[in-house]
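Each value in this text was obtained by applying a stated rule to the coordinates, not by laboratory testing. As the structure is a prediction and not an experimental result, all values here were calculated from the model.
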Amino acid sequence: MLESSRDLLGMSSLCLGDIEAIFERADTVQKKDGPGRLRQYFGTKLLASFFFEPSLRTQASFEAAMLRLGGKVLGNGSSSGHRANSSHEESMADAARVMSSFADVIVFRHSSPNALPVFVENSAVPVINAGNGNGAGAEHPSQALCDLYTIQKHFGRLNGLSVSLLGNLQKRAIRSLVAGLGKYKEISLNIPRNLAFPLLDEDEKRARRDGLAINCFDTIEEVIANGDVIYHGGLAADWQPQLGEDHFLTATKLRAARSHSIVMHPLPRPGSIAIDVDQTRHAKYFECAANGVPVRMAVLESILSRSLH
């Protein structure tokens with residue numbers, strides 16, 4: 001797995017075979033502990049979580065994944081405690097050199113897409129991108145893997161599905177999801193025609209190059225009605241007024257949805273999804289969060305256990 005790259009920086013690091021192998025392994029680790037030989041191997045391995053932005057699900061699930069594999073975790077990744085790029089003027093390059101001398105793999109999050117390449121270039125160990133800003137160059141590949149895995153578990157397939165996108169389409173989770181969907185065939189994307197933040201030009205070009213159909217609809221209700229998957233990428237406080245109340249998903253709005261459709265969200269969801277959606281048959285975002293542990297176990301195993309093969 002991940003034969004084309006030492007690191008997991010974006011969905012371009014993965015081919016379809018990589019993704020399928022990760023999903024197969026995620027299925028296995030949910031049923032039982034990994035083989036004793038792997039647990040013995042991981043007992044000597046150390047993960048460092050290096051987060052310059054706050055994180056709950058991503059950081060905790062990576063740390064839980066490493067512990068469940070039998071490995072160890074370094075530090076709590078508190079952004080407030082880092083000197084890199086702070087008033088202490090420690091460079092990102094120096095931070096990478098130091099941190100990679102302590103650990104076997106680093107999970108890295110930063111608010112700027114530009115910080116990741118510098119960190120990776122100077123790291124002596126594999127780096128996993130846990131989110132690097134928003135907009136051009138930003139991705140969140142492990143979130144996309146969790147999303148794709150949850151969709152596949154529910155429908156038994158990814159090929160041939162229609163995915164409706166709400167919220168800010170320049171956010172990293174949606175950007176990685178669209179890139180991941182491009183690995184499959186006959187998938188269509190549904191977006192609102194008047195969305196204040198459309199897909200970036202580079203995302204649209206890649207989606208069309210990958211063979212994804214992009215359908216634009218005049219109303220949110222039409223977007224909802226045409227999706228097997230309704231994926232809300234989330235909002236931020238400064239974006240919400242521009243997007244308007246249309247993008248606040250409620251149980252009432254979901255009356256327009258297909259009976260089998262599912263609602264996904266990377267979380268947290270303030271301003272995005274109402275609590276009453278939790279009680280509908282469509283809600284899958286908490287299940288997706290739980291799937292973060294086995295999926296990230298599979299990612300860590302793929303990256304760290306190559307010497308066993």
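Quick notes on this one:
- Listed residue pairs exceeding 28 Å between alpha carbons, taken from 153/183; 31/171; 171/205; 183/284; 153/185: 31/171
- Estimated from helical segments only, the mean residue ellipticity of the chain at 222 nm is -11000 deg cm²/dmol, where each DSSP H run of four or more residues counts as -39500 (n - 2.57).
- Against the compact-protein benchmark of 2.2 N^0.38 Å, the Cα-based radius of gyration of the chain scales to 0.99.
- As a ratio to 2.2 N^0.38 Å, the alpha-carbon radius of gyration computed for region 141-289 takes the value 0.93.
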